[in-house]
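Engineer: Quick one: structure below, then a few questions.
The values are calculated or read from the model by the stated rules, or taken from the named source; none is laboratory data. Just so we're clear, the structure is a prediction, and the values are computed from it rather than from any experiment. A quick note on method: Cβ atoms are made from the backbone with ideal geometry, for glycine too, and the neighbour counts reach across all protein chains shown. Just so you know, the surface numbers come from the protein's heavy atoms only, side chains and all, with ligands and any DNA or RNA stripped out. Shrake-Rupley method; radii C 1.70, N 1.55, O 1.52, S 1.80 Å.
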Amino acid sequence: MDGVERGTPAEGEIDTAPDAARDVLRRVFGFREFRGAQREIVATVTAGRNALVLMPTGGGKSLCYQVPALLRPGTAIVVSPLIALMRDQVAALEHNGVRAACLNSTLDPETRRETERALAAGELDLLYVAPERLVQPATLARLEQARIALFAIDEAHCVSQWGHDFRPEYLQLAVLHQRFPGVPRIALTATADERTRREIAEQLLPDGGAWFVASFDRPNIRYRITTKERPREQLLAFLRDEHPADSGIVYCMSRRRCEEMAAWLSERGFTALPYHAGLDAEVRQLHQARFQRDDGVIIVATIAFGMGIDQPDVRFVAHLDLPKSMEAYYQETGRAGRDGLPADAWLIYGTRDVAHIRQMLAESTASEAHQRVERQRLEALLGLCEETGCRRRALLGYFGEVMATDCGNCDNCLSPPPTWDATEPARMALSAVYRTGQRFGANHVIDVLLGQETERVRRLGHDRLPTFGVGSDHTRSTWHSILRQLLARGYLQPDTSGHGGLQLGAGCRPLLRGEEPLQLRAELASGAQRRRGAGHSGPPTAADSGEWEALRRWRKALADAEGVPPYVICNDATLAALLERRPQDLVDLARVPGIGQHKLDHYGEAFLEALTDLDRV
Ligand code: ADP
Ligand code: ZN
């Protein structure tokens, strides 16, 4: 394949040619403008400086290193743990005329040798390498012989020893800094929390670098959370009404439930495949491949399914059981709508789920401190479930992001839920937290409110507090719900010891003094099924017509013929734009987002023909 013609200026001039970046964006990738911080990130890395990029899934991280890869002389090395995806990423780049290849354990010796030769000869723009291969002495020696444009370290949170995706080889990437001192590194991740960020910077960018922290909002995802009444029927109604032919993920807590749900949905005409750690590796791989390559496949999965799903057109993520934490909820729902088109995050939960997860946490063998952190993450998620205000505001608030206005695209914004005046009980709760010394967890605080004379209450003399027994009008579960909502809204916060104690939050004074009323979501039991928001799904205009399906079938056939997933041919956003704009010739077609020069040359006529065929039917 021919290389992309590169407007690479001499090294010293790179900084002064900002339009070269936009030119590559347009010519190679077919996009008019950079998104968000992309432009600045590209400029930073192209100029040879390090960068740490924190962007949500679907935010457009790939271009942040792919564009500099084409602007800087030499080969960009992309470190990624997701071997299964490398092939597709390389195929997608090749479809844009970029010279890309990968090195990992799945290659046959001949292909590997050819790739190594191409690297040495300077014939590659990008080379994807698995971390365990990169840190081998032979690989490092080979890279030293070649000209390296930059190192992109994808899924950079894998370096965090406290995270769920820890990869020991990522720690060894520190050698890059020593062995390639003049080569810029860009570390990328969609993991938001502060500690992980710091770990990434310390481990991977010890010599410093610019931080780019994007908003973690996913505006195209509509968040909806309801109580669980009849889960199967609720899911079926959701799928039939809103996603009859879409790809999506249904998460369940247990393997058995995955199997049952997949079978049940299949009987009702959906293409639903189970995915969990108990299945043979081959079956798992087959199901994942079908999800990636076929249109309209539903994966019914445990959380074993996730990392490395970078399908852009997942139209919904449905949770039949509660995720483990706020972090997990954000990450799992984030797999929907990476292409920026409308997508649903739909969750149903019941009190029994809560009990089940609590029990799992209690039986966990993790350290006590770790368990408390997990418990708090769960409590925060329960708070989100019971939230009466904008869900997005609460979700982003948990990650430290403040929204100026409500989102208008969550269930609570679309149809506000029933609430009750909880001002008095909330004051009692805050007062009990305060008077017990701001260091006890929910259970002890509730014991005090309910007037329970437990051993601890007596030992600490908490039965003599004025708040002792003032809350006996409410049940323990109501008190839990109140405390959770106070926690979710920041009136209460976890204490700094990390031991699960509660303390007063910054903004609680007006409420405590009775100067501010508080409405809380009505108890679960009374939470009958709420009205659904106005239906929405899929690409806006095209979804109603058979044309959309016809065009998708055409794309699928072309993709099958080439042995690649459909989105490599073009993503849904491009497909929708094609239908909307109906380009008549190659000049029109070139203006459609996602159609770069290479696609225009190689597939232009085919695209136009497919559109003409639509007109004939
Ligand atoms: P991430 O890796 O951050 O999850 P990707 O790099 O896969 O996200 O990008 C997500 C989607 O957004 C892709 O379909 C990509 O083509 C598209 N995209 C990225 N940047 C732009 C842009 N500047 N203009 C239009 N589409 C873009
Ligand atoms: Zn909202």
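Engineer: Please report the equivalent ellipsoid semi-axes of the stretch 419-523, computed as sqrt(5 x eigenvalue) of the Cα gyration tensor, largest first, in whole Å.
Structural biologist: Working through the eigenvalues yields semi-axes of 20, 16, 12 Å.
Engineer: While we're looking at this one, here's another question. Once the Cα atoms of the stretch 208-318 are picked out, what are the Rg and Dmax in Å?
Structural biologist: In Å, with Rg to one decimal and Dmax whole: 15.5, 56.
Engineer: Past the 18 angstrom mark, what percentage of all C-alpha to C-alpha distances in the stretch 80-224 do you count?
Structural biologist: In whole percent, the long-distance tail amounts to 61.
Engineer: Between E144 and L286, what is the FRET efficiency for a Förster distance of 51 Å, r being their Cβ-Cβ separation, to the nearest 0.05?
Structural biologist: It comes out at approximately 0.80.
Engineer: When you have a sec, figure out the Kirkwood radius of the stretch 541-616 from all distinct Cα pair distances and drop it here in Å to one decimal?
Structural biologist: One over the average 1/r among Cα pairs gives 12.3 Å for the stretch 541-616.
Engineer: From the phi of every residue in the stretch 330-344, what ³J(HN,Hα) in whole Hz does the Karplus formula 6.51 cos²θ - 1.76 cosθ + 1.60 yield, where θ is phi - 60° and glycine or proline is x?
Structural biologist: Running phi through 6.51 cos²θ - 1.76 cosθ + 1.60 with θ = phi - 60° gives 4, 5, 5, 5, x, 6, 7, x, 5, 7, x, 7, x, 8, 10 Hz.
Engineer: Roughly how many nanometres apart are two label points built 7 Å out from the Cα toward the Cβ at L586 and R268?
Structural biologist: A separation of 4.9 nm, rounded to one decimal place.
Engineer: Kindly provide the Kirkwood hydrodynamic radius of the stretch 176-227 in Å, to one decimal, from all pairs of distinct alpha carbon atoms.
Structural biologist: 13.7
Engineer: How many nm separate the modelled label positions at D473 and R22, each set 7 Å beyond the Cα in the direction of the Cβ?
Structural biologist: The two pseudo-label positions are separated by 6.4 nm.
Engineer: Please give the direction-averaged projected area of the C-alpha convex hull for the chain, in square nanometres with one decimal.
Structural biologist: Convex hull of Cα atoms, orientation-averaged projection: 29.6 nm².
Engineer: Another question about this same structure. Along Cα→Cβ, 7 Å out, is where each label goes; now give me the distance between the ones at E110 and S364 in nm to one decimal.
Structural biologist: 5.0
Engineer: Now, a different point. Report the FRET efficiency, 1/(1 + (r/R0)^6), for E94 and E455, where r is their Cβ-Cβ distance and R0 is 45 Å, rounded to 0.05.
Structural biologist: Approximately 0.05, to the nearest 0.05.
Engineer: Cβ under 14 Å from Y434's Cβ, Y434 left aside: what net charge do those residues give with Lys, Arg +1 and Asp, Glu -1?
Structural biologist: Counting the neighbours of Y434, the net charge comes to +4.
Engineer: Need one number: % antiparallel among DSSP beta bridges in the chain, to the nearest 5.
Structural biologist: 10
Engineer: Once fully extended, how much extra length lies between E194 and R509, figured as 0.36 nm per residue of separation less the alpha-carbon to alpha-carbon distance?
Structural biologist: Extra length available between E194 and R509 comes to 110.6 nm.
Engineer: Using a 1.4 Å probe, how large is the accessible area of W211, given in Å² and rounded to the nearest 10?
Structural biologist: 110
Engineer: Moving to a separate point now. Between Rg and the Kirkwood Rh of the stretch 221-414, both from Cα atoms, what is the Rg to Rh ratio?
Structural biologist: 0.96
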